[in-house]
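Q: Below are the structure tokens for one structure; questions will follow.
Rule-based calculations on the coordinates, nothing more; no lab input. For clarity, every value in this text was computed on a predicted model and none was experimentally measured. For neighbour counting, all protein chains shown are included, and Cβ atoms are generated from backbone atoms with ideal geometry for every residue, glycine included.
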Amino acid sequence: MIKAPKKPAADQARVPFGFRDVDAGDHGGLVRDVFDSVAGRYDLMNDLMSGGLHRLWKSALIDWINPKPGTILIDVAGGTGDIAFRFLERAGASSAAICDVNEQMLRVGADRALDRGLVSGLSVICGDAQALPIASGSADVCTIAFGLRNVTHRALALAEMRRILRPGGHFLCLEFSHPVLPLLKPLYDLYSFKILPMLGARVAGDEDAYRYLVESIRAFPEQETLLGELSDAGFGNVSYRNLSGGIVAIHSGWRL
């Protein structure tokens, strides 16, 4: 049974922004400020932060989709285009839309698409994951990669991403998660809280933005909890796979 997504109510007037709570009405603007600040160096920072592993994680996502010609993808919070580009390169004659609330990120993505010669089958949409400006049943596949932790109300976003899928459509979320190997956690914490903000300051010129990104990862629910949220949103056959010892996970669900 699909549970109605929770509406912003009195007990949701404040929501987490990293390790601190902020007014729900301010959350979206604060997140947009973060990504406005880092948009120009976002892809470089992804390589530096992950040691290039993000490329393998995104390839694993595309492997799970296993796209075929004619498949329609909508990538939510897809800003600079990595998932959409990989999808089109793998699927051939298909179409992909990048939807993101942040115009700066979309501009970077559009420039990257031109650099790659991707002028056919790709569209760009500026829109909020919690109120997607996309018709119901439009997509065969809906993805969100490293973006779900940044929405203000996760239940609303999940309900919207289910809505835009056709019956039988596939939803996949690639997101930082919680390490499952005990020896990995202290090393991961040291790297996250000491080294990543320093990289953010030196490379992207914004230490606070990357401190927020680290905090948002730690505040994100564990794998099993997110699996339950997918079920609550109405997705069926839900499952997940840990990558890199649980540092990252891919969650999967179907619109049945």
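Q: Please build a GNM for the chain, connecting alpha carbons under 10 Å apart, and tell me which residue among Ser37, Ser94, Ser50 fluctuates the most.
A: Result for the chain, Cα springs under 10 Å: Ser50 fluctuates most.
Q: Still on this structure, I have one more. Please check: in the Gaussian network model of the chain (C-alpha springs, under 10 Å), which one of Thr71, Thr80, Thr152 has the largest mean-square fluctuation.
A: Sorting by GNM fluctuation, first place goes to Thr71.
Q: Hey, in the GNM for the chain with a 10 angstrom Cα cutoff, which one of Val22, Val31, Val119 fluctuates hardest?
A: Val119
Q: Next up: Once you order the gyration tensor axes a ≥ b ≥ c over the Cα atoms, which shape class does region 151-256 get: rounded for a/c under 1.5, otherwise prolate or oblate by comparing a/b with b/c?
A: Working: a/c = 2.91, a/b = 1.79, b/c = 1.63.
Prolate shape, in that a/c is at least 1.5 and a/b is the bigger ratio.
Q: Which percent, to the nearest 5, of DSSP beta bridges fully inside the chain are antiparallel?
A: The antiparallel proportion sits near 45 percent.
Q: So what is the 222 nm mean residue ellipticity for the chain from helices alone, if each DSSP H run of at least 4 adds -39500 (n - 2.57) and you divide by all residues, rounding to the nearest 500 deg cm²/dmol?
A: -12000 deg cm²/dmol
Q: Alpha carbon centre of region 72-86 versus region 194-256: separation in Å?
A: 17 Å
Q: Quick one: net charge around Ala39, please, counting Lys, Arg +1 and Asp, Glu -1 for every other residue with C-beta under 13 Å from its C-beta.
A: Net charge in that neighbourhood comes out at -3.
Q: Oh, and also: Percent of Cα-Cα pairs per 10 Å bin, from 0 to the last occupied bin, for region 1-120, please list those.
A: With 10 Å bins starting at 0, P(r) equals 12, 32, 32, 20, 4.
Q: When Met49, Met198, Met105 are ordered from fewest to most other Cβ atoms inside 10 Å of their Cβ, what list results?
A: Least crowded to most crowded, the residues run Met198, Met49, Met105.
Q: Now a separate question. Using only the Cα atoms of the chain, what do you get for the radius of gyration and for Dmax, in Å?
A: Cα radius of gyration and Dmax of the chain are 17.3, 49 Å respectively.
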